[in-house]
Amino acid sequence: AAGSDPDPGFVEPLVERCGVESVFHVRDMLTWALTRHPEAVTVPRVVAELRSPDARARSQALHTLSKIGDRSVWPAIPRSLLTDPDDEVARTAWRTAVLLAPEGEAAELAEVLVSQLGRGGRETQMSLSRALIELGEAAVPPVRAAADRTDPRVRGHALATEQLRRDPEAGFAYAVEEAKRVVSLGPDGPGGAEG
């Protein structure tokens, strides 16, 4: 009802509820209701949530901003959110940043995202790979450079990302297995310095 019949007075309670609601589908409905309100009222209040000490509030605020799609909020998304210690916040920040970053910021964003290679479990790594691929050509050089790093997690994740970029149909699981194989062969194996 709050989304079907928007009223500026609904924005504050909707944003507050987004920060504490535990059920994803309910949070998504709250976000939908917020997107139905005027951006001039909604965006500043949602941006303020990016500084919340609560990870769920930061993550949902990022998700809401991605749904609103107002690129003018890009400067309000700091590097600290892209490297947030909470994986869910970071994953949401990656998706949101790729959607909202101006073209001139793509190379710098790619460098920040590449700094997160090797982080977390399969879901987190898959989210990062997708964000890097979605970022496009700006991400290719730093991902390729990361494939030469000595840290096997970073190298493997970079190789899996590159494999997935070249062959999106192969799927992330295949790309990870292929990357593990290449990493285990060492720098002189396929994809290495001599390969």
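The values are calculated or read from the model by the stated rules, or taken from the named source; none is laboratory data. Being a predicted model, the structure only gives us computed values, none of them experimental. Note that each Cβ is placed from the backbone with ideal geometry, even for glycine, and that neighbours are counted across all protein chains shown.
Just checking, does the stretch 67-77 include any residue being at pLDDT 95 or above, among the small types (Gly, Ala, Ser) and in a helix (DSSP H, G or I)?
Within the stretch 67-77 (the criterion being at pLDDT 95 or above, among the small types (Gly, Ala, Ser) and in a helix (DSSP H, G or I)), the answer is no, since none of the residues qualifies.
Name the single residue, out of those in the stretch 39-48 being surrounded by fewer than 21 Cβ atoms within 10 Å (Cβ to Cβ) and in contact with a helix residue (DSSP H, G or I) (Cβ under 7 Å, 6 or more places away or on another chain), that is farthest from Ala1 (Cα to Cα).
The extreme case among them is Val47.
Would you pick out the residues in the stretch 125-159 that are hydroxyl-bearing (Ser, Thr, Tyr) and surrounded by fewer than 17 Cβ atoms within 10 Å (Cβ to Cβ)?
Thr150 - this is the single residue of the stretch 125-159 that is hydroxyl-bearing (Ser, Thr, Tyr) and surrounded by fewer than 17 Cβ atoms within 10 Å (Cβ to Cβ).
Just one of the numbered conditions (1) among the polar types (S, T, N, Q); (2) outside any helix (DSSP H, G or I); (3) under 18 Å from Ala93 (Cα atoms) is not true of Thr31; which one?
For Thr31, the failing item is (2).
If a residue has to be within 19 Å of Ala57 (Cβ to Cβ) and outside any loop (DSSP other than H, G, I, E, B) to count, how many in the stretch 86-133 make the cut?
Number of matching residues: 12.
Quick check on Arg36: is it farther than 24 Å from Pro85 by Cα, charged (D, E, K, R), in the same structural domain as Thr96 (by TED's automatic domain parsing) and surrounded by fewer than 17 Cβ atoms within 10 Å (Cβ to Cβ)? Give the steps one after another, and end with the answer.
Values: farther than 24 Å from Pro85 by Cα: yes; charged (D, E, K, R): yes; in the same structural domain as Thr96 (by TED's automatic domain parsing): yes; surrounded by fewer than 17 Cβ atoms within 10 Å (Cβ to Cβ): yes.
Yes.
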